[in-house]
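The next block holds one structure in the form of structure tokens; read it before the comments.
Read the figures in this text as sums done on the coordinates, not as results from a lab. No experiment lies behind these values; they were computed from the predicted model shown. Ideal geometry is used to build each Cβ from the backbone, glycine not excepted, and the neighbour counts take in all protein chains shown.
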Amino acid sequence: MSQQAPDFVAYVEQTEPIRQKYLQPLAFDTDEDGDQLEWTARDVIEELELIIDARATMAPKEFREEIRQQAKRLLK
């Protein structure tokens, strides 16, 4: 039986965004003294509490997007 080789272009298109994400520095990689990360974490926690409180008035998709945005703030 012969198997087809995977399409390299399609493979790269699928995997490149993931690879690029891992190359980005994380917030705690660039904050030597930890002050900025601590402030960001406290701010994100406060925002998450507000989002959770407002969840009853939000569409599920909107709620998930707001949570994702806060997670991205920590990973910048």
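Couple of notes before you dig in:
- Under 14 Å, Cβ to Cβ, from residue 48 - net charge with Lys/Arg +1 and Asp/Glu -1: -1
- If R0 is taken as 22 Å, the Cβ-Cβ distance between residue 67 and residue 13 corresponds to a FRET efficiency of 0.20.
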